[in-house]
Amino acid sequence: MVLRTARVRKTLDRLAYASLILDICIAIITVLTFFDIGNPQPLLIPINYLLTIVVVLSIIMFVVLILLRSEERQATKTIEVSHPPS
């Protein structure tokens, strides 16, 4: 169970880095728009889709992490009840 939790956290870390990279891309596009350099619209569309995917995956992984923590707590309580401290 701990291994699954670690994998979920690792995936959440990766999603956080992906989100950061996409945020940097949006900031660069915003600067380009501010200085009226080219048409950034073709760049914004795929970045917005990717950012939406990252957000949805982050929400799913967060729910999975909460479920795994709940499962761990139940397993700990079961162990404590079946093996009380001496």
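Values in this text are rule-based calculations from the coordinates and carry no lab data. Model, not experiment: these values are computed from the prediction. Don't worry about glycine lacking a Cβ; one is built from the backbone with ideal geometry, like all the others, and counts go over all protein chains shown.
Roughly what would the spin-label model give for Ala27 and Arg14, points 7 Å off Cα along C-beta, in nm?
About 2.4 nm, to one decimal.
Where does helix 2-34 land angle-wise versus the long Cα axis of the chain, in degrees 0 to 90, nearest 10?
It is inclined by approximately 20 degrees.
What span do the alpha-carbon atoms of the chain cover on each of the three principal axes, reported in whole Å from largest to smallest?
73, 18, 16
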